[in-house]
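> Below is a structure I'd like to ask you about.
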Amino acid sequence: MVVVAHNTALTTLAVPPTGRLFATTSQRGTLVRVWDAATGKQVRELRRGTDQAAIYGLAFRPDESEICVWSDKGTVHVFALTAREGPS
């Protein structure tokens, strides 16, 4: 399987312990894409920002509920990957 993840070179790749998903970022540093490892289909696209950034790291929570990305902008972004239930 070949996954064309981004239009520019990849800078980070993260895989959670289950190996069910993987996430990628590129040299542009604006998008985080999350993929289904079995099918190679994109399941999420998350925007880190609109200006170019050097992504330093990308990590899943072990339960795959969130993904974290940090860059040269001095910011850390945490994105929810699962729907959270609110109070009933």
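The values are calculated or read from the model by the stated rules, or taken from the named source; none is laboratory data. Since we're looking at a predicted model, the values are computed, not measured. Ideal geometry is used to build each Cβ from the backbone, glycine not excepted, and the neighbour counts take in all protein chains shown. Note: areas computed on protein heavy atoms with side chains; ligands, DNA, RNA excluded. Shrake-Rupley method; radii C 1.70, N 1.55, O 1.52, S 1.80 Å.
> In square angstrom, what is the accessible area per residue of the chain with a 1.4 angstrom probe?
That works out to 63 Å² for each residue.
> When every alpha-carbon pair in the chain is counted, what percent end up more than 17 Å apart?
45
> Region 56-70 to region 11-31: how many Å between their Cα centroids?
Each part's Cα centre sits 9 Å from the other's.
> Counting other Cβ atoms within 10 Å, which trypsin sites (Lys or Arg not before Pro) in region 1-52 have at most 14 and lie in a DSSP loop? List each step's numbers first, then the result.
Working: sites: R20, R28, R33, K41, R44, R47, R48; in loops: R20, R28, K41, R48.
Hits after loop and neighbour filter: R20, K41.
> Could you please state how large a percent of the accessible area of the chain is carbon and sulfur, counting protein chains only and using a 1.4 Å probe?
Carbon and sulfur together cover 51 percent of it.
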